[in-house]
Every structure is written in C-alpha cells, then in structure tokens.
Amino acid sequence: MDQDFAGIEPLVYESRIGIPYNWWAGDTATKFFTGLSSERVFYATRCDACNKTFLPPRKTCPLCFAKNLAWKPLAPKGAVTTFTVARRKLAALGDAEPPVFFALIKLDGADTAIAHRLGNVAEKDLAAGLRVRAVFAPEPKGGILDVLYFEPDK
C-alpha cells in the first residue's frame, strides 16, 4: 500500500546519544598518562637531534622525524603562553560554571605547550607569562583530568 507523502513535512526529533567506547592510547600516551596518575610527573619526549623537548610527548620528532625519542620528566610548573575565557555554559565544561579559563602552558624545560584549565585565579590576573603549577586530582584515573587545573604559583 503506497501512500502519497507529497507536501507533508517530515517529523524531526532532536536528541543526543552517548556511545561508550574504549581506545588504545598507544605506548607514548600510556607513558604520559601513567606518569600523571601514578607519579604526578609530566613525561615529555626529547629529540637530541633537534634539541627540542615536546609536551605532549611525541613518538616521532615532528621537526626532523627522528624516532625513539628520549623520555624526560618535567616539573609540574611553567608559564601561561596564551589563554581564553569560556563565558557560556557548554556541555564540554561539565559541572564548571562560566567563566572558565583555558590556557596553553609551557612547562619549565619544554619547547611546546599543553592546553589545560586554569583555576584559583581571577580573570583580572590572567596574563601571558603568568607562572602556574599543576593541581593533581586526589584520586587519579589515568587521563589528562588527573590534572584538575593549573593555578598561580605563588
């Protein structure tokens, strides 16, 4: 039985679904996340050919393509290179209420920066060059959120 649907607007439901999944982080990310969760250390990779230290760590040097880079532990302190302010409530912010501050943070000894949240800081105090330190989660889970945020290093 064919029906003629010409001229009838389709009914559209807007929704979101969550799909749980697992993925293998790989050797490089596993060492990085394990360092955060079990040692509270940021592990970077160092290319001796380029004299550069990469955080987040890289398996291969992005500059000269050297492999088997050396691991280098970094202290959880550094400086903000740039920042942004999220002023709207977004799902990606979780339970955090705006404004939420995000920054690129270059840890001492690294040549690249890592993106993360800033906490315990007033918006008026945000600036490139602000010295910060990592605040670790009391119960690590093996991911980047084992670092709750970076706060000013007083």
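Going highest first, how would you order 67-76, 33-42 by mean Cβ packing within 10 Å? Provide the component values of the computation, followed by the final result.
Numbers: 67-76: 14.0, 33-42: 17.2.
Output ranking for 67-76, 33-42: 33-42, 67-76.
Magnitude of the Cβ-charge dipole of the stretch 75-154, K/R +1 and D/E -1, about the Cα centre, nearest 20 debye? Don't jump to the answer; show the numbers that get you there.
Working: 11 positive and 10 negative charges, 38 e Å.
With Lys and Arg at +1 and Asp and Glu at -1, about 180 debye.
Could you check how much of the accessible area of the chain is carbon and sulfur, as a whole percent, using a 1.4 Å probe? List each step's numbers first, then the result.
Working: 5810 of 10580 Å².
Carbon and sulfur together cover 55 percent of it.
How big is the stretch 58-154 along each principal axis, measuring the range of its Cα positions in Å and listing the largest first?
Dimensions of the stretch 58-154 along the principal axes of its Cα atoms: 43, 29, 24 Å.
Contact order normalised by length for the stretch 90-154, with contacts defined as Cα pairs under 8 Å and 6 or more residues apart; what percent is it?
Details: 72 pairs, mean separation 17.3, N = 65.
For the stretch 90-154, the relative contact order is 27 percent.
Can you pull out the cysteines in the chain that have no other Cys Cβ under 4.7 Å?
CYS64
Once the Cβ-Cβ distance between LYS89 and CYS50 is put in as r, and R0 is 41 Å, what FRET efficiency do you end up with, to the nearest 0.05? Could the numbers behind the result be given before it?
On the way: r = 42 Å, r/R0 = 1.03.
Here the calculated transfer efficiency is 0.45.
I'm a student and want to see the number: the projected area of the Cα convex hull of the stretch 1-57, averaged over all directions, in nm².
On the way: hull surface 40.6 nm².
Seen from a random direction, the Cα hull of the stretch 1-57 projects 10.1 nm² on average.
Which peptide among 20-28, 43-51, 121-129 comes first, and what is the full order, when sorted by highest mean count of other Cβ atoms within 10 Å? Intermediate values should be presented prior to the final figure.
Numbers: 20-28: 8.6, 43-51: 17.3, 121-129: 11.1.
The most tightly packed comes first, giving 43-51, 121-129, 20-28.
Stretch LYS154-LYS141 to full length: gain in nm at 0.36 nm per residue minus the Cα-Cα span? Walk me through the intermediate numbers first.
On the way: separation 13, 0.36 × 13 = 4.68 nm, distance 2.75 nm.
This chain segment gains 1.9 nm when fully extended.
Kindly write out, for the stretch 144-153 in residue order, the coupling ³J(HN,Hα) from the Karplus curve 6.51 cos²θ - 1.76 cosθ + 1.60 (θ = phi - 60°), rounded to whole Hz, with x marking Gly and Pro.
Result, rounded to whole Hz: 5, 7, 5, 9, 5, 5, 10, 10, x, 8.
May I ask you to compute the full-extension gain from ALA128 to TRP24, defined as 0.36 nm times their residue separation minus their alpha-carbon distance, rounded to one decimal in nm?
34.0 nm
With a probe of 1.4 Å, find how much accessible area the stretch 53-154 has per residue, and write the answer as a whole number in Å².
Values: 5930 Å² over 102 residues.
Spelled out: the 1.4 Å probe surface of the stretch 53-154, per residue, equals 58 Å².
Whole-Hz ³J(HN,Hα) for each residue in the stretch 96-108, computed from phi via Karplus 6.51 cos²θ - 1.76 cosθ + 1.60 with θ = phi - 60°, x for glycine and proline: what do you get?
Calculated HN-Hα couplings, in order: 5, 9, x, x, 10, 9, 10, 8, 8, 10, 9, 5, 4 Hz.
The values are calculated or read from the model by the stated rules, or taken from the named source; none is laboratory data. Nothing here was measured: the structure is a model prediction, and the numbers come from that model. Positions of Cβ are generated from backbone atoms using ideal geometry, with glycine treated the same way; all protein chains shown enter the neighbour counts. Just so you know, the surface numbers come from the protein's heavy atoms only, side chains and all, with ligands and any DNA or RNA stripped out. Shrake-Rupley method; radii C 1.70, N 1.55, O 1.52, S 1.80 Å.
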